[in-house]
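Step one of this worksheet: look at the structure below.
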2 protein chains.
Amino acid sequence: MERSMENEELSKAFVQSFAMKGGDGPHSYAQNSSIQRLAIEAAKNLLHCAISNHFDPNAISSSSSTSPISIVDLGCSTGPNTFIAIQYIIEAIQTQYQSHNLPTPEFQVFFNDQVSNDFNTLFQKLPPNRNYFASGVPGSFHGRLFPRQSLHLIHSSSSLSWVSKLPKEIIRDGSCGAWNKGRIHYAGAPREVVDVYEEHYKKSLEAFLHARAEEIVRNGIMALQIPASQDHVIDDGNDEKLYPGRDLELLGSCLVDMAKLGLVSEEKVDSFNIPMFFPQLKELKKLLLSNEDFSIEQMELLDGKFLSVGNVEMYVSHHRAALEALIEKHFGEGVADELFSRYAKKVLEFPEIMDMQNLKIVLLFVLLKPKLHA
Amino acid sequence: MERSMENEELSKAFVQSFAMKGGDGPHSYAQNSSIQRLAIEAAKNLLHCAISNHFDPNAISSSSSTSPISIVDLGCSTGPNTFIAIQYIIEAIQTQYQSHNLPTPEFQVFFNDQVSNDFNTLFQKLPPNRNYFASGVPGSFHGRLFPRQSLHLIHSSSSLSWVSKLPKEIIRDGSCGAWNKGRIHYAGAPREVVDVYEEHYKKSLEAFLHARAEEIVRNGIMALQIPASQDHVIDDGNDEKLYPGRDLELLGSCLVDMAKLGLVSEEKVDSFNIPMFFPQLKELKKLLLSNEDFSIEQMELLDGKFLSVGNVEMYVSHHRAALEALIEKHFGEGVADELFSRYAKKVLEFPEIMDMQNLKIVLLFVLLKPKLHA
């Protein structure tokens, strides 16, 4: 009960929302999401096996043979990656029904992202010959989005490092020493700042799992691909040149430079924090294994080859697509051109950051099933 | 079977989509929909009684007490009217559950409109303290939008005069004499044009009902408010000064004037037709009563007091909100200012058209239940 109230408060705090760059322009997510695409391709076979081993058509369709199968992609952005993931999922489920000699059900697919996501672009890009009924669901996945026991398969790829709105001690001078002055991320920050981020990540993940546990049907499955950092790099990070968030730290240094030149206000830089966290892999596994709502059926690291981007332009575009909306909401419109042009120059000085493997970032594939409480 | 195929072809033809003016600006639907709001207010009591008499919680929730109630508003536009209608519906259903001493279910509400509708604005305007899970569904309501037997209550207010894409004979010189040259609507047009519109309306309505019959649960209900024209006005219309569509005819004359001045191309005017039809009331009732999919539980004319707009500016804004997107899609961006400024002058010459009752337009409230086929 206490935990439930805490989650509720947490989800109330997540009013402010963050989403990828909308539209279809040169800086849009739609045009700059090939890394995420490769992550989905890397997970394809795991997803197929997971559905084959754990999605039981007889158990799922027990209520009625005409019942549709409900699928959600959480943190879908504007496509096309979400459409590819959904296609793989539906193909795998159809195979399951065929192998059980059962008629193929109808599919209802929910595409979820923050309220500020560009759903107009998403809807215009829906595959014209899709074999499912499509629906957009706006809102933070750290709170409830769906009725009780209404989802059969929950999917989320690479979105769970977003923790939404951070607690206030990060953005103001207080007694706990967690004010993240002169930085926009916990990377390279004092231990107190990292601790606040880490604690907030735990609460976010718990709130996420608890909300999903209410929404998933008894025999449903949840497949997540969660970004994490290789073990020990949070502790040792400050001694090395490369660690998770080093790219965001570099972006922050561009903003600090711009503040020195009066192009943005110093106060705005001090109060800006990218709500993204990469837990240590062993910590993430511990969090997942100790959660009360889901049992872990499978955990596997994805092959990391997809985590590298070939050239600076593409790399900067990826970051811009993911962060421009968030940055312009905080700093006002018009700072992105200058910022990302400066960022491109810094990336050229540190080309090794373009490979996320160098940054010690990994992607954990997890398959979960709801625990059946008495 | 034949009919089903015809419906499928019809729904394939409805690819081109029409929607209200998005955003929140001075010409947006969100700021110019007070007539539609009044229609919803006028229907409030009828809706409440209909739910009280025909929405049976015991029959609806037979599958499971945790099952959510699914509601859709078809042709929702960008709000706020759709939120008001949904609120009335949910309040009435909650009252039903209370009076049956049953626990209140969770509600899942689907907001549907054309793909080109501004769902981003709709989502940003969702009531923050709503007691339902919200979802947007893009697509034409003349085709399937939802899985089989998945909706408990279907609602649509004032949207069913839209018939989506008209057949080709209307926009080109052919043998049947139905080319609607020099006009943008059937009002004031030769019999052949009216016939094509009317036939297309019948097919559209049939396709609509057939799709909904597949989507509604066995004991679900559908409440529609359908615009119609008072009897006989189609036949006698050309002899009178005021008849349904007279406002659109006047708007068309502005476009013809603009074509004469070279401000728009004559060919564009000749190929533009507003996909909106107001059936004669007796014809509409006949169509509804003879349909194979739904039984008619209640038909009632709404009190017409809401059909009048006080001043020219507001009247023109209403038309602009409804038609600007459609017009600019056909004629290109930038014609709306000139067109609606000319329209305002013409309306001043014929102020009587500002009262839709003068145009002999009425709104029919209909309550339908799916026929139970063997």
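The values are calculated or read from the model by the stated rules, or taken from the named source; none is laboratory data. Worth saying up front: this structure is predicted, and the values here are computed from it rather than measured. As a convention, Cβ positions derive from the backbone with ideal geometry for all residues, glycine included, and neighbour counts pool all protein chains shown. Calculation scope for accessible area: heavy atoms of the full protein, side chains included, ligands and nucleic acids excluded. Shrake-Rupley method; radii C 1.70, N 1.55, O 1.52, S 1.80 Å.
Can you find a residue in region B:290-313 that is among the charged types (D, E, K, R) and free of Cβ contacts under 8 Å to residues at least 12 places away in the same chain? Talk me through it step by step, then tell me what you get.
Of region B:290-313, the ones among the charged types (D, E, K, R) are B:292-293, B:297, B:300, B:303, B:305, B:313.
Now restrict to residues that are free of Cβ contacts under 8 Å to residues at least 12 places away in the same chain: none.
For region B:290-313, residues among the charged types (D, E, K, R) and free of Cβ contacts under 8 Å to residues at least 12 places away in the same chain: absent.
Return the total of residues in region B:9-29 being modelled with pLDDT of 65 or more and surrounded by fewer than 22 Cβ atoms within 10 Å (Cβ to Cβ).
Selection size over region B:9-29: 6.
Which one is modelled with the highest pLDDT, of the residues in region A:303-317 that are under 30 Å from A:His54 (Cα atoms) and surrounded by fewer than 19 Cβ atoms within 10 Å (Cβ to Cβ)? Before the answer, list the steps.
To start, the set of residues in region A:303-317 that are under 30 Å from A:His54 (Cα atoms) comprises A:303-307.
Checking which are surrounded by fewer than 19 Cβ atoms within 10 Å (Cβ to Cβ) leaves us with A:303-305.
Numbers: A:Asp303: 75, A:Gly304: 70, A:Lys305: 68.
Checking each candidate, the answer is A:Asp303.
Of all residues in region B:319-354, which are assigned to a loop (DSSP other than H, G, I, E, B) and in contact (Cβ under 8 Å) with a residue 60 or more places away in the chain?
Step one: filter region B:319-354 for residues assigned to a loop (DSSP other than H, G, I, E, B), giving B:332-335, B:350.
B:Val335, B:Phe350, listed by residue number.
How many residues, within region A:49-72, are surrounded by fewer than 16 Cβ atoms within 10 Å (Cβ to Cβ) and at pLDDT 70 or above?
Number of matching residues: 6.
So which residues in region A:360-374 are surrounded by fewer than 20 Cβ atoms within 10 Å (Cβ to Cβ) and among the basic types (Lys, Arg)?
If we filter region A:360-374 for residues that are surrounded by fewer than 20 Cβ atoms within 10 Å (Cβ to Cβ), which is where we start, we get A:364, A:369, A:371-374.
Matches in region A:360-374: A:Lys369, A:Lys371.
For region A:88-168, give me every one of the strands (runs of 3 or more DSSP E) that falls completely inside it and has 3 or more residues that are within 14 Å of chain B (Cβ to nearest Cβ) and within 25 Å of B:Glu214 (Cβ to Cβ).
On the way: elements: A:107-113, A:133-138, A:151-157.
Where strands (runs of 3 or more DSSP E) fall fully within region A:88-168 and carry at least 3 residues being within 14 Å of chain B (Cβ to nearest Cβ) and within 25 Å of B:Glu214 (Cβ to Cβ), they are A:107-113, A:133-138.
Open to solvent by 10 Å² or more (accessible area, probe 1.4 Å) and free of Cβ contacts under 8 Å to residues at least 40 places away in the same chain: which single residue out of B:Gln108, B:Gln96, B:Gln124 fits that description?
Every option except B:Gln124 fails the conditions.
Could you say whether any residue in region B:271-281 is among the small types (Gly, Ala, Ser), surrounded by 15 or more Cβ atoms within 10 Å (Cβ to Cβ) and under 22 Å from B:Ala43 (Cα atoms)?
Step one: filter region B:271-281 for residues among the small types (Gly, Ala, Ser), giving B:271.
Subsequent filtering for residues that are surrounded by 15 or more Cβ atoms within 10 Å (Cβ to Cβ) retains B:271.
Those still in the list that are under 22 Å from B:Ala43 (Cα atoms) too: none.
No, there is no match, as no residue in region B:271-281 is among the small types (Gly, Ala, Ser), surrounded by 15 or more Cβ atoms within 10 Å (Cβ to Cβ) and under 22 Å from B:Ala43 (Cα atoms).
Every residue in region B:318-329 that is over 20 Å from B:Cys76 (Cβ atoms) and crowded, with 18+ Cβ neighbours inside 10 Å, please.
Across region B:318-329, the qualifying residue is only B:Ile327.
Give just the number: which of (1) touching a helix residue (DSSP H, G or I) at 6+ places or on another chain (Cβ under 6 Å); (2) surrounded by fewer than 14 Cβ atoms within 10 Å (Cβ to Cβ); (3) polar (S, T, N, Q) does B:Gln357 not satisfy?
(2)
Considering only residues that are closer than 18 Å to A:Leu281 by Cβ and not hydrophobic (A, V, I, L, M, F, W, C), look in region A:174-198 and name the one that is surrounded by the most Cβ atoms within 10 Å (Cβ to Cβ). Break it down stepwise before answering.
Applying the first criterion (closer than 18 Å to A:Leu281 by Cβ) to region A:174-198 yields A:186-187, A:194, A:197-198.
Still in the running and not hydrophobic (A, V, I, L, M, F, W, C): A:186, A:197-198.
Working: A:Tyr186: 32, A:Tyr197: 29, A:Glu198: 17.
Going through the qualifying residues, I end up with A:Tyr186.
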